[in-house]
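Worksheet for the structure shown next.
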Amino acid sequence: MNKQAEVIVIGGGVIGTSVAYYAAKAGKRVVLLDRGDIAAGTSGACDGFIIMQSKNPGPHLDLAMQSAALYRNLTDELEYDIEYMSCGGMIVAESEKQAQLLQGLIAKQKQAGLQVELLPIAQARRSEPLLAADLWGAAYCANDAQVNPIRLAQGFAQAARRLGAQIRPGVEVQALLVENGRVCGVKTGQGELRADYIVNATGVWAPALLSPFGIDLPIKPRRGQILVTEPLPPMLNHVLLCACYLIAKYHPEELDPTDRQHRLGVGLAVEQTAHGSLLVGSTREFAGFDRKTTLAGIEAVAQHARRILPALAKVNIIRTFAGLRPHTPDGLPILGPVAGLPGLIMAAGHEGDGIALAPITGQKVAEYLK
Amino acid sequence: MEGVKLTGALSADEQASVFPPNERAERGPVAVIECVQQIPCNPCEKACPFGAIEVGPDITNLPRLDLDKCRGCGLCLSKCPGLAIFLVDASKSATEALVMFPYEYLPLPAPDEIVDGVDRTGRFVAKARVVKVDTGAQREGTTIVTLAVPKQTMHDVRSMRLVAPGEVFLCRCCEVSETEVRQAVREGAKTVAAVKMRTRAGMGLCQGRTCRRLISRVIAEETGQSPADILPPTSRAPVRTLSLEALAGGDDNE
Amino acid sequence: MATGQTFDIVVVGAGPAGLAAAIEAAKRGARTLVVDENNKPGGQLFKQIHKFFGSHEHRAGVRGYDIGRQLLDEAAKCGVEVWLDAVVHGLFDSRLAVLHAGRQVTVQAGRIILATGASENAVAFPGSTLPGVMGAGAIQTMINVHRVLPGKRFVMLGSGNVGLIVCYQLMQAGAEVLAVVEAMPSIGGYGVHAAKIRRAGVPILVGTTISRVVGQGKVEAVVLATLGPDGRIDPQSERTLAADTVGLAVGLTPLTELAWMAGCEFFFSPKLGGHLPLHDENMLTSLPYLYVAGDITGVEEASTAMEEGRLAGIAAAESLGLVEAAAAATDKAAVRQRIDVLRSGPFGEGRRLAKAEILQQQALRSGQGGESWKA
């Protein structure tokens, strides 16, 4: 059977489409397969944060900062409006204790070259007036930004197609093909396809393709429930996170399981989209592959949002949705080749950093494929 | 297959060769001369009262724009027989840019009218507001239209299409037309959810209650699927809007 | 367990189906709650100022709003609790998320009966988003409930019973109806309803449609066109009527969001309005706690909706062990007999066959190991 491509990318989310774009840009013949549609999974059910100051100094933050640099010209490069806004971001601290936690992270981030400053609440409210007056304050970083993840994936896919990539939604990969100890192709519902490299960018669904080889990939779906408001006039100047998000992410031992908000891993994540709606998130729960929203979940998110942004009390919620974030035990994505399966490249497990890291992931994987 | 020679539209490289840097557009209006072939032609050179455009003695030279001399007056736009000169101005607002281009069709748009901003291939880019329609005598019959467009699209929008009075809106909350829905289906959106992802149809206040059937019908017509197989998008609470405050008052714990 | 209230049976929707279901359930001893998003109960009954068809047992000849009053009286006597201005915005298994008087409340139900009704279909043509184009049901609410005429000169699209009746009531309210327009080659509704408005001089134009509506910021004229044999508009045939309001009576779609959320099985019936929850002869869906009644199970009219509601109410009470099987069987048989009468004759044939198909499908799917069917 002939080789139809040099690279097969499995998964049409922000990661897969980014890999397809950068690989096609590097001159590779690329085929992207997705069993559903572009951005129909996690990328179509998340917020659009490109946030630097939530990242741990080290490879995590380095990658994020390289990615942020790629984002600056991406709209022009893709010739597609990905609704990128360089708005800056804030991480809100409710208490002195949370502020100390932020302070510790900020000190390390500054050493790594990221400018973050901790603002007392009066100062934070000068640029974000809707914050509650009785909060402790907020960490501010001008490098934080936002994007529309659905349009990002569509933009990558369209640009990849212009560069000659084949984008094939509706094709499900059933198994990896292995010959002479090397992954050489995929078996799909529409026949077999072969290539030099196979990139597994299927996020939370990535482990299934590897389990037949006895590899237990440590990616677990973590559900995030998000509320959508009616379209509103511009009212938020930044993307907003709260310290609870960082605690749920880096210090889960600090959470009190008897508290509903803690048990559901609720941390604020609010942005105003280009269309005026606010996305108000989010829970962080392990609930298998269940993408339903729960009453407890959406109530807890609403409660927390009202605490941080009391001005939103009268705003109407028109929709809720839930997405599955690909969680890994160390909070870092799984990138690169897989021992014992040459030919296979992993690009999955980004959890809440998939949007921030999408461009750099695509670029790094494309570099590796050279 | 790329480039003006093959497709009639400038390729990314060709565009890059003529775009002024974004910083220049942020300072104020500036011409974009999208002339990349050596045609024997030089009216642009004469048109500029500030001497910002130079072709030189060999009139097949490509025009060169002096970004500092160009004041963005736009006089060159109606002089270029190829209608290849545009003006961009990113200095007026943080989110919007102005794009000026020659427009030689009737009917003309009216100031403040909302039109479709289209790219070099006539493809829809963004809704745009008409800021000015200049039919002045010095334009010699070439009307210059100024559109306000989302800033990130200022290098994409190069013409406009009137939103036809006969346009049929399927999603009235998000103002999505039947044409846009059909285009999305032709590009591969075969479900109501996929159409929603591509066009925003059904994402508004009514959450698709009004337009869902209309969209299902278009999908059925375009794809030949049975309406029985075209399912509504996932139903999630709230099925009616409610305030954040009301939702926050609940204490469900399951 | 969530805080909030617990009921044996919660009925969503206080229209004819919902009220009838609640009455039958409460009569059999079930602690019953009816929740409705409107500020008045009765669903569409209170705008139906015409006399109903049917037999004596169906209260034929009685006007819709009188039937509504009788149902409310009866519900009050049986101890049914009714929450108005109460929106069920989510269904999480057998718990309902209710926005009641501005507060979010969770209600735990032993059984849920969805009687959410149907919503009017939209239709898109050039100008269909102009103010002045509205649903026929919305017009009926405005004139008969709120006593407001939304326009002076009307064109109605659709000649089913809804379109014909609303035209008649528009004229009773003092408006002028310029025409009823019907794309099909014949009139959809009862001849007697058509005759009433023909006597008032209103033309009913079959094989005709609205090709567009024009006006500056509001409806000023309606352009009609004849449909050719290929179903396409014949541009030569266009003519203009100086109407200021257009009514759309182009059918209804079952309001099924909550049923989809619950995750019950669905069935597609073009005749009954689209996707609707698959159900058995007791109005039970594929979920053991979820019943349906009225237009959500397929669009019909108020009389059948009430009978289906009774059936669901009796069956739900029976499933909770509140009545003996034999007594329930007798009661349900009597209701089913009345339903059959309402679906008899040439006008009922389509609905009768479509309903039979639903039961067949249900039997087929439950026979195939659908263990959730516990009827």
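One table, with the values for the structure above:
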{"quantity": "Convex hull projection area averaged over all views, chain A, Cα basis, nm²", "calculated": "17.7 nm²"}
{"quantity": "Rounded FRET efficiency, nearest 0.05, which uses the C-beta distance separating B:F124 from C:Q70 and R0 of 56 Å", "calculated": "0.50"}
{"quantity": "Fraction of beta bridges assigned by DSSP in the protein assembly as shown that are antiparallel (%, nearest 5)", "calculated": "70 percent"}
{"quantity": "Test item: Cα-centred dipole of the protein assembly as shown, Lys/Arg +1 and Asp/Glu -1 on Cβ, debye", "calculated": "1040 debye"}
{"quantity": "Three principal axis lengths of segment C:316-364 [C-alpha, angstrom, descending]", "calculated": "38, 25, 13"}
{"quantity": "Spherically averaged projected area of segment B:78-126 from its Cα convex hull (nm²)", "calculated": "4.4 nm²"}
{"quantity": "Axial C-alpha extent at least 15 Å, average Kyte-Doolittle at least -0.5 - helices from chain B (DSSP)", "calculated": "B:212-223"}
{"quantity": "Highest average packing first - A:156-164, A:27-35, A:144-152, B:52-60, Cβ atoms within 10 Å", "calculated": "A:144-152, A:27-35, A:156-164, B:52-60"}
{"quantity": "Cα centre as origin, Lys/Arg/Asp/Glu Cβ charges: chain A dipole, Debye", "calculated": "480 debye"}
{"quantity": "Dipole of segment B:212-254, positive end: most advanced residue of B:S243, B:P232, B:V218 [Cβ charges, Cα centre]", "calculated": "B:V218"}
{"quantity": "Most mobile listed residue (B:S177, B:S235, B:S93) in chain B, GNM with C-alpha springs under 10 Å", "calculated": "B:S235"}
{"quantity": "Dimensions in Å of segment C:168-254 - Rg and Dmax from alpha carbons", "calculated": "13.7, 38"}
{"quantity": "Unsatisfied cross-links (Cα-Cα over 19 Å) in the set A:K108/A:K249; A:K364/B:K151; A:K220/A:K292; A:K220/A:K370; C:K47/C:K218; C:K271/C:K355", "calculated": "A:K364/B:K151; A:K220/A:K370; C:K47/C:K218"}
{"quantity": "Set of aspartates and glutamates near A:K314 by C-alpha distance (under 18 Å), chain-local residues within fewer than 8 positions excluded", "calculated": "A:E230, A:E271, A:E299, B:E245, C:D85"}
{"quantity": "Cα-based helix-to-principal-axis angle, C:345-367 vs chain C, degrees rounded to 10", "calculated": "40 degrees"}
{"quantity": "Nearest 10 degrees, 0 to 90: helix C:161-172 Cα axis against chain C principal axis", "calculated": "60 degrees"}
{"quantity": "Pairs of alpha carbons in segment C:111-150 whose separation is greater than 14 Å (percent)", "calculated": "60 percent"}
{"quantity": "Dipole of chain C [Lys/Arg +1, Asp/Glu -1 at C-beta], most positive-end residue of C:T32, C:A363, C:V202", "calculated": "C:V202"}
{"quantity": "Taking A:C184, B:C41, B:C211 and counting other C-beta atoms within 10 Å, the order from fewest to most", "calculated": "B:C41, A:C184, B:C211"}
{"quantity": "Segment A:228-370 - convex hull of alpha carbons, volume per residue in Å³", "calculated": "143 Å³"}
{"quantity": "At 1.306 mPa s and 10 °C, Stokes D of the protein assembly as shown from Kirkwood alpha-carbon radius, µm² per second", "calculated": "50 µm²/s"}
{"quantity": "Value at 222 nm in deg cm²/dmol, rounded to 500, when DSSP H runs of n ≥ 4 in chain A each add -39,500 (n - 2.57)", "calculated": "-9500 deg cm²/dmol"}
{"quantity": "Neighbouring partner chain Cβ atoms per residue of A:72-82, average, 10 Å criterion", "calculated": "4"}
{"quantity": "Amide H within-cut-off set for A:V173, under 5 Å, with H built and near neighbours excluded", "calculated": "A:R35"}
{"quantity": "Intensity falloff of segment B:144-254 expressed as log10 I(q)/I(0), Debye formula with alpha-carbon point scatterers, at q = 0.12, 0.18 Å⁻¹", "calculated": "-0.57, -0.95"}
{"quantity": "Candidates per chymotrypsin sites (Phe, Trp or Tyr not before Pro) in segment C:143-200, loop by DSSP, up to 16 other Cβ within 10 Å", "calculated": "C:Y190"}
{"quantity": "Between 0 and 90°, nearest 10: helix A:59-72 axis offset from chain A longest Cα axis", "calculated": "90 degrees"}
{"quantity": "Long-range Cα-Cα pairs in chain B (distance over 23 Å), rounded percent", "calculated": "61 percent"}
{"quantity": "222 nm mean residue ellipticity, helices alone, for chain B (DSSP H n ≥ 4; -39,500 (n - 2.57); rounded to 500)", "calculated": "-5500 deg cm²/dmol"}
{"quantity": "Measure of compaction for segment B:169-229 (Cα Rg per 2.2 N^0.38 Å)", "calculated": "0.96"}
{"quantity": "Overall Cα dimensions of segment A:1-148 - principal axes, largest extent first, Å", "calculated": "66, 30, 26"}
{"quantity": "Fraction of antiparallel bridges per DSSP, chain C only, in percent to nearest 5", "calculated": "50 percent"}
{"quantity": "Expected 222 nm ellipticity per residue - DSSP helices of 4 or more, -39500 (n - 2.57), all of chain C, to 500", "calculated": "-10000 deg cm²/dmol"}
{"quantity": "Chain A: relative contact order as a whole-number percent, Cα under 8 Å and 6+ apart", "calculated": "25 percent"}
{"quantity": "Average beta carbon contacts from partner chains per residue of A:306-319, 10 Å cutoff", "calculated": "5"}
{"quantity": "Rounded D (µm²/s) - chain C, Kirkwood Rh over Cα pairs, Stokes-Einstein at 10 °C, 1.306 mPa s", "calculated": "73 µm²/s"}
{"quantity": "Relative contact order for chain C, counting Cα pairs under 8 Å that sit 6 or more residues apart, in percent", "calculated": "19 percent"}
{"quantity": "Contact order relative to length of segment C:269-310, as percent, for alpha carbon pairs under 8 angstrom and 6 or more apart", "calculated": "34 percent"}
{"quantity": "All lysines inside 20 Å of C:K77 as judged from Cα atoms, apart from same-chain residues fewer than 8 positions distant", "calculated": "C:K27, C:K40"}
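Each value in this text was obtained by applying a stated rule to the coordinates, not by laboratory testing. Since this is a predicted model, take the numbers as computed values, not measurements. Using ideal geometry, Cβ is built from the backbone for each residue, glycine included, and neighbour counts are taken over all protein chains shown.
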